[in-house]
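Worksheet: the structure to be examined is printed underneath.
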Amino acid sequence: MVLDVQTKTAAKCSGYDTNILYLLAGNGNSITCPGTKCYSHIKKQDVKWYKDGHQIKYRKSRPSLKLKQNEIYLNPTYDKDAGTYVCDYTLSENIIKWTVRTAVTVEVTAKNTIHPPNLLYPNGVVILEVEVGKPLELECRVQFGFERVSPMRVTWIRNIEENVNEKLNQETTVYPKGLKGHTLLHVATLKEVTEKDLRSSFTCFAENSVGNATAVIRLKRKKRDINGNRALRKKMNASARLDNVYSHLLIIYLFIYLFILDGKEFDAFVSYAKLNSSESDSALISEEKFALELLPDMLENKYGYKLCILERDILPGGAYTDEVVTAIKQSRRVIIILSPAYVSGPSIFELQAAVNCALEDKGIKLVLIKFQDFKEPEALPPVVKKALRILPVITWKSSISAAPRKKFWKYMRYHMPVKTTKRMENFSLKGFSQRLFRLV
């Protein structure tokens, strides 16, 4: 046997240095099988492509993926296109045949952010009531935009006259990184709150390659409310006296809400835990299938609602936080699919944003679906904890809830906006006005 070894230049063998590709999400890209030009003088069959053990073929459900001249064309490219691709082709020379197999690692990226970090909590200056002598955790939750090489930094700084920059016990949790960036939770721990802590201000400082952001927490001694129950009773009595007035106002509000256009584009924004390429948990896959397939099939195809699913209805490329807030403001409802992966992952920001938008816009209502039992993390922002405690929750039972006539879908339709087009056909404005003014 004679083995002839040549350099790539001498063998006219180019393209073998492209085993790792970085593709920009939302753009058109191509994936080429490395080394095919090395055997241009030998007869070879067409290249076959594989990903995750399955052969890649053209599918009507994915018209943006095409196979041309032994290359894969993606236009546009999605986050799910990341992974390891394997290309196979057979070479034939005389009576000898052998198979050449090459792997290509594809990473899907986004444009580097042009925004400094976004401090989700605290925001501005926050006054926190505390008990002296008790332990306390100061949390700082920061949203970073996407950067391939991210020099991010988050730290807590204590400012006090006795010691301007006293060190604190701190630790960081980074949620999975995605094309929209990632969320970082940075916690400083006080073993017990002291009088010195009450005289201090605690600054959270976050920085990336674009800029920085700061927010401050100040501590205030918690006071016992001796007259709290008495004040509560007075408020309840006053509320009872105004019930009749409120009921009339509610009728007027419902009339305006149901029968006057509100300018919103979607009936509901759907928020769920996103599946990353490194995750393979079957429950999470089922959760994603529920959000992307079953929920739209019932609410859109059967009942005629218009849903907003971020990955489907919003083009990639913008800032994640801005896209989420804009989509929520254009929706009448926000459907939150709760699970362990949701409450402990970056998607919890979408619930926080929904609560804030609902406080500003009374036309936005939250619909909570408990897809799986979960334990509420201690590090959740206060506004999220309060929402989970007071908002009604619809429970999904996978074994019995899927059928269209089950109570789950009746509850969902009850919490969804009323379809005004059908109601207006049988609605008499004159009759409504007469009934309203008789009540008043």
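Full extension from residue 60 to residue 98: what is 0.36 nm times the residue separation minus their Cα-Cα distance, to one decimal in nm?
So the chain would gain 10.4 nm between residue 60 and residue 98.
Hey, could you pull the Cα Rg and Dmax for the stretch 16-86, both in Å?
Just the Cα atoms of the stretch 16-86 yield Rg and Dmax of 12.7, 37 Å.
I want to check the label-to-label distance for residue 403 and residue 80. Put each point 7 Å from Cα in the C-beta direction and report it in nm to one decimal.
A separation of 3.0 nm, rounded to one decimal place.
Could you check the spin-label model distance between residue 155 and residue 137? Points 7 Å from the Cα along Cα→Cβ, value in nm.
2.3
For the cross-link pairs 191/222; 289/406; 302/370; 180/220; 375/407; 385/419, which exceed 29 Å when the distance is taken from alpha carbon to alpha carbon?
Listed pairs above 29 Å: 180/220; 385/419.
Can you put 158, 312 in order, fewest other beta carbons within 10 Å first?
Going from sparsest to densest Cβ surroundings: 312, 158.
Give me the net charge for the shell around residue 270: Cβ to Cβ below 12 angstrom, other residues only, Lys and Arg +1, Asp and Glu -1.
It works out to a net charge of -4.
Rounded to the nearest 20 Debye, what is the dipole magnitude of the stretch 118-221 about its Cα centre when Lys and Arg each give +1 and Asp and Glu each give -1 at the C-beta?
Numbers: 14 positive and 13 negative charges, 59 e Å.
Value, rounded to 20: 280 debye.
Given a Förster radius of 35 Å and the C-beta distance between residue 214 and residue 390 as r, what FRET efficiency does 1/(1 + (r/R0)^6) yield to the nearest 0.05?
With a Förster radius of 35 Å, E is 0.65.
Once the Cβ-Cβ distance between residue 330 and residue 221 is put in as r, and R0 is 45 Å, what FRET efficiency do you end up with, to the nearest 0.05? Could the numbers behind the result be given before it?
Details: r = 43 Å, r/R0 = 0.96.
After rounding, the FRET efficiency stands at 0.55.
Given labels modelled 7 Å from the Cα in the Cβ direction, how far is it in nm from residue 88 to residue 313?
4.2
Below 13 angstrom from the Cβ of residue 71, what's the summed charge of the other residues (Lys, Arg +1; Asp, Glu -1)?
+3
Please compute one quarter of the surface area of the Cα convex hull for the stretch 118-221 and express it in square nanometres. Show your work: numbers first, answer last.
Values: hull surface 26.3 nm².
Over all viewing directions, the stretch 118-221 projects a mean Cα-hull area of 6.6 nm².
Among 200, 286, which comes first, then next, by fewest other beta-carbon atoms within 10 Å?
286, 200
Arrange 339, 398, 271 by Cβ neighbour counts within 10 Å, fewest through most, would you?
398, 339, 271
Kindly state, to the nearest 0.05, the FRET efficiency for residue 27 paired with residue 300, given R0 = 41 Å and r defined as their beta-carbon distance.
0.90
All of the numbers you see were taken from the coordinates with simple rules; none came from a lab. Keep in mind it's a predicted model, so treat the numbers as computed, not measured. Neighbour counts are summed over all protein chains in view; Cβ atoms, including those assigned to glycine, are modelled from backbone coordinates with ideal geometry.
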